[in-house]
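S.K.: I'd like to ask you about the structure that follows.
The values are calculated or read from the model by the stated rules, or taken from the named source; none is laboratory data. What you see is a predicted model, and the numbers here were worked out from it, not measured in a lab. We place every Cβ from the backbone using ideal geometry, glycine too, and count neighbours over all the protein chains shown. Please note that ligands, DNA and RNA were not included when accessible areas were found on the heavy atoms of the full protein model with its side chains. Shrake-Rupley method; radii C 1.70, N 1.55, O 1.52, S 1.80 Å.
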Amino acid sequence: MDCKRIIVAIDGYSSSGKSTMARRLAAAAGYRYIDSGAMYRAVTLKAMRLGYVSADRIDADAICAMMDDTSVDFRPSADGQITLLDGNDVEREIRTMQVSALVSPVAALPCVRRSLTRMQQAFGQSKGIVMDGRDIGTTVFPNAELKVFVDAGPETRARRRFKELIDKGENTTYEAVLANVTERDHIDRTRAESPLRCADDAVRFDNSDMTLAQQDEMLMRLFDEAVKRHVD
Ligand code: DC
């Protein structure tokens, strides 16, 4: 039997652990992993550097024009992958709280979404990818063979994110992280263009009380079933 390579879309709230799940599934399946959130973060970083977005203003026209001249790509590295903005490594900078604080309004701009959606669809052209984000199963790949929607309570997600940031040496508080997670949830859910929502045909699950091993096992089972359904 010859198995088709499929597209796996993993959506969910910020810090729900979807990136870890997606990365581990991609490694186990021999697929390419694409972190679509990193693409929104990279564009936000560029807009910040150019002075097009700050805490109290956003220049939508300038950001839209900037998109014609912006590329985001990934390069494999020893511990996963590195995000490249216009060919340069921005992996560390895009994970800071400064970028997290400004990414949702930038990601709400229709021109940014259109441009990044096109790049994401190009990554999936020959299938064999696992992509995580907010609108992968609804907008980017509405025909993905497997769609998963991951959820966890805001406090659980903020605790995970806080630990990650502290481990990386960032100076922040749990309260600031929780406020950022809650604010991003709200903007992601209520924006007009491609709001975060669970696709009708997605498998939804809450991983608050699941171990990594349990998540891996569940996702691998869903993946094997999806591949079997799409056997030539
Ligand atoms: O997954 P993340 O937290 O790194 O994503 C950063 C931001 O990018 C998030 O607040 C919402 C936005 N995003 C999006 O709008 N659509 C996606 N497919 C992925 C991320």
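S.K.: Give the residue from Ile129, Ser19, Leu85 lying farthest towards the positive end of the charge dipole for the chain; charges sit on Cβ (+1 for Lys and Arg, -1 for Asp and Glu) and the dipole is referred to the Cα centre.
M.R.: After comparing all options, I get Ile129.
S.K.: Quick one: accessible area per residue over the range 1-71, 1.4 Å probe, rounded to a whole number of Å²? List each step's numbers first, then the result.
M.R.: Numbers: 3080 Å² over 71 residues.
For the range 1-71, the solvent-accessible area averages 43 Å² per residue.
S.K.: Let me ask you something else. For the range 93-202, which trypsin sites (Lys or Arg not before Pro) are both in a DSSP coil and crowded by at most 14 other Cβ atoms within 10 Å?
M.R.: In loop regions of the range 93-202 (DSSP not H, G, I, E or B), the sparsely surrounded trypsin sites (Lys or Arg not before Pro) are Lys168.
S.K.: So which aspartates and glutamates pass the test for Lys228, namely a Cα distance under 14 Å, with those fewer than 8 places away in the same chain ruled out?
M.R.: Once the sequence-local aspartates and glutamates are set aside, what remains near Lys228 is Asp2, Glu145.
S.K.: If you don't mind, there's one more thing I want to ask. Can you grab the distance from the C-alpha centre of the range 139-158 to the C-alpha centre of the range 1-36, Å, no decimals?
M.R.: What the calculation gives is 11 Å, centre to centre.
S.K.: To continue, here is another question. Specify whether the C-alpha gyration tensor of the range 103-232 places it in the rounded, prolate or oblate class, a ≥ b ≥ c being the square roots of the eigenvalues: rounded for a/c under 1.5, otherwise prolate if a/b is larger than b/c and oblate if not.
M.R.: Oblate, because a/c is 1.5 or more while a/b does not exceed b/c.
S.K.: Name the residues whose placed amide hydrogens come within less than 5 Å of the amide hydrogen of Ser14, ignoring near sequence neighbours (fewer than 5 apart) on the same chain.
M.R.: Result for Ser14 returns nothing.
S.K.: Given the options Ala158, Met218, Tyr174, identify the residue whose Cα lies farthest towards the positive end of the charge dipole of the range 155-232 (+1 on Cβ of Lys, Arg; -1 on Cβ of Asp, Glu).
M.R.: So the residue furthest toward the plus end is Tyr174.
S.K.: For the chain, which whole percent of the accessible surface, found with a 1.4 angstrom probe, sits on carbon and sulfur atoms?
M.R.: Carbon plus sulfur share of accessible area: 50 percent.
S.K.: A further question follows. Which entries in Lys18/Lys168; Lys46/Lys147; Lys46/Lys168 show an alpha-carbon gap greater than 26 Å?
M.R.: Lys46/Lys147
S.K.: What ratio of Cα Rg to 2.2 N^0.38 Å holds for the chain? Walk me through the numbers on the way to the answer.
M.R.: On the way: Rg = 17.1 Å, N = 232, 2.2 N^0.38 = 17.4 Å.
Computed over Cα atoms of the chain, the ratio equals 0.98.
S.K.: Then there is this: Using DSSP to call loops (not H, G, I, E or B), can you name the trypsin sites (Lys or Arg not before Pro) in the range 1-63 whose Cβ has at most 10 other Cβ atoms within 10 angstrom?
M.R.: Within the range 1-63, the qualifying trypsin sites (Lys or Arg not before Pro) (loop, at most 10 other Cβ atoms within 10 Å) are Arg57.
S.K.: Remind me, relative contact order of the chain in percent, using alpha carbon pairs under 8 angstrom and six or more residues apart?
M.R.: Relative contact order here is 35 percent.
S.K.: Then there's this: For the range 156-219, restrict the atom set to alpha-carbon positions and state the Rg and Dmax in Å.
M.R.: 14.7, 40
S.K.: Now, a different point. Computed over the Cα atoms, what is the radius of gyration of the range 19-91 divided by 2.2 N^0.38 Å, N being its residue count? Numbers along the way, then the final one.
M.R.: Working: Rg = 14.4 Å, N = 73, 2.2 N^0.38 = 11.2 Å.
Against the compact-globule rule of thumb, the ratio is 1.28.
S.K.: With +1 assigned to the C-beta of every Lys and Arg and -1 to the C-beta of every Asp and Glu, and no other charges, what is the dipole magnitude of the range 108-184 about the Cα centre in debye, to the nearest 20?
M.R.: 260
S.K.: About the Cα centre of the chain, what is the dipole size in debye to 20, counting +1 per Lys and Arg Cβ and -1 per Asp and Glu Cβ, all else neutral?
M.R.: 180
S.K.: In percent, how large is the relative contact order of the range 126-229, given Cα pairs closer than 8 Å and 6 or more residues apart?
M.R.: For the range 126-229, the relative contact order is 39 percent.
S.K.: Which whole-number percent is the relative contact order of the range 46-131 (Cα, under 8 Å, 6+ apart)? Show your work: numbers first, answer last.
M.R.: Values: 59 pairs, mean separation 17.9, N = 86.
Relative contact order for the range 46-131 comes out at 21 percent.
S.K.: Turning to a different aspect of this structure: If you take every residue apart from Gly153 with its C-beta less than 12 Å away from the C-beta of Gly153, what net charge results, scoring Lys and Arg +1 and Asp and Glu -1?
M.R.: Net local charge, Gly153 excluded: -2.
S.K.: Can you check how the C-alpha radius of gyration of the range 1-48 compares to 2.2 N^0.38 Å, as a plain ratio?
M.R.: Values: Rg = 13.6 Å, N = 48, 2.2 N^0.38 = 9.6 Å.
Ratio of Rg to 2.2 N^0.38 Å for the range 1-48: 1.42.
S.K.: Using the Kirkwood radius over C-alpha pairs as Rh, can you work out the diffusion coefficient of the range 12-142 via Stokes-Einstein at 25 °C, viscosity 0.890 mPa s, in µm² per second?
M.R.: The diffusion coefficient I find is 163 µm²/s.
S.K.: Moving on. Could you tell me the ratio Rg/Rh of the range 50-123? Both radii from Cα atoms, Rh via Kirkwood.
M.R.: 0.97
S.K.: Still on this structure, I have one more. Please give the calculated 222 nm ellipticity per residue for the chain, where each DSSP H segment of at least 4 residues contributes -39500 (n - 2.57) and the sum is spread over every residue; nearest 500 deg cm²/dmol?
M.R.: -15000 deg cm²/dmol
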